[in-house]
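Here, each number is a calculation from the coordinates, and none is a lab measurement. Nothing here was measured: the structure is a model prediction, and the numbers come from that model. Using ideal geometry, Cβ is built from the backbone for each residue, glycine included, and neighbour counts are taken over all protein chains shown.
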Amino acid sequence: MAARRRVPFIQMVLLITALGWSLAQSPVPATHGQDDPDRTLTYGQTVTSQLSSAAPEENWTFTGRAGDVILIDMRAANPGELDTYLALRDAADETLDADDDGGEGGNSRLGPFVLPADGDYIIRAVRYSGGGQYTLRLLDLGVLPVLTAGKPLVGQVDEETPSDYFVLTTPADGQVPLLRLHVADDVRYQDPILSVYGPDGLITSTARTNEATIDPFVPQPGEQYVVVVAWNPESDGNVYELDLTASEVALLQNESPVNATLTAEEDVQTHFFRAERGQVVRVAVMPLGEEYFFGSFAPEIDVTTPDDTLTLFSAEGAEGRGVATLLAIPEDGVYRVEVRNSLDNDAIVTYSIKADWIEGAE
């Protein structure tokens, strides 16, 4: 396996608690009617309006500068009544970006997006279906609090202030370490919703897993991410703590098998390995013990990038037999291997997984 370069963990740049930032940067409310021609907003502002079948969309104008990195948040007052959709357009009315369900509960969240030029831009707030009141918020990432490893931030979200936003920036050079994001509020159950957004929008969210932790989060060098902590309507808690640390996930190592177990409650196990472009990696999953002899396990494996943008391999094995594949690694990075039992028999099964670097290993 290629030698790894160690780089210092993300250094502290700025520490601002979410609560303190919210007090200093509280949004300016503005309410506009359907026929109000002056629908404008500025960075940090929240506006409120309404959509219906008679008025299915509204345009909001703001002025930005080239290089500004923005995030736009559209939230229905009642998501069960209004399904939102967002589009960002330039002064020539050409669409630059759009989002349907990037926010929590089917709401829309667009960005982070880098403005290409100085000038006016149009945010189109659209009723995808239904109708009702919505709020729209425009954020400039340049003034958001910075999330720093080992420096927890404390904030508060509730129905009136449903989201807090943080920036995470990775070093441009070297191998970026895997990260762990964890959020917990002041009650035992139903923590706030934690989501991460990158250059292509939503990367991952605990809304999908009902967990309080994202581990591992696999950032890319020289990128800027937005971490959003959102109010969970199922929780009675309001005050939360957000923590960024090194990942607790152990990567698969060359020619070092790892044993794992699948149960009815844990019907998928996830493993990760790091590889470099041009390497060929053999990944093998084999049943152990009774599963091998009695055929209670037919491994199903999927090998993807952590953000699911690329699938390298997907297949099912036969009963009592394993699955092995040779992977030509397209880019430097971390890859995910998910293992399931395709027999769906609720059996408790044990297997061994091993990654071997066939080419490019040292």
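Odds and ends about this structure:
- Whole-number percent relative contact order across the stretch 21-141, with pairs defined as alpha carbons under 8 Å at least 6 apart: 36 percent
- The mean sequence separation of alpha-carbon pairs under 8 Å and at least six residues apart, normalised by the residue count of the chain, gives a relative contact order of 16 percent.
- In the chain, helices alone account for a calculated mean residue ellipticity at 222 nm of -500 deg cm²/dmol, with every DSSP H run of four or more residues adding -39,500 (n - 2.57).
- Unit charges on C-beta of K, R, D, E only; dipole of the stretch 21-141, Debye: 280 debye
- Segment Asp267..Ala98, full-extension length gain: 57.4 nm, with 0.36 nm per residue of separation and the alpha-carbon distance subtracted.
- Nonlocal amide H pairs with Asn238, under 5 Å, H built at 1.01 Å: Asp186
- Relative contact order %, the stretch 258-359, counting alpha carbon pairs below 8 Å whose residues are six or more apart: 47 percent
- Per-residue HN-Hα couplings for the stretch 210-216 [Karplus 6.51, -1.76, 1.60; θ = phi - 60°; Hz; x = Gly/Pro]: 6, 9, 10, 9, 10, 7, x
- Cβ charges +1 (Lys, Arg) and -1 (Asp, Glu), total dipole of the chain, debye: 1000 debye
- HN-Hα J in Hz across the stretch 150-157 - Karplus 6.51, -1.76, 1.60, θ = phi - 60°, x for Gly and Pro: x, 10, x, 10, 10, x, 8, 10
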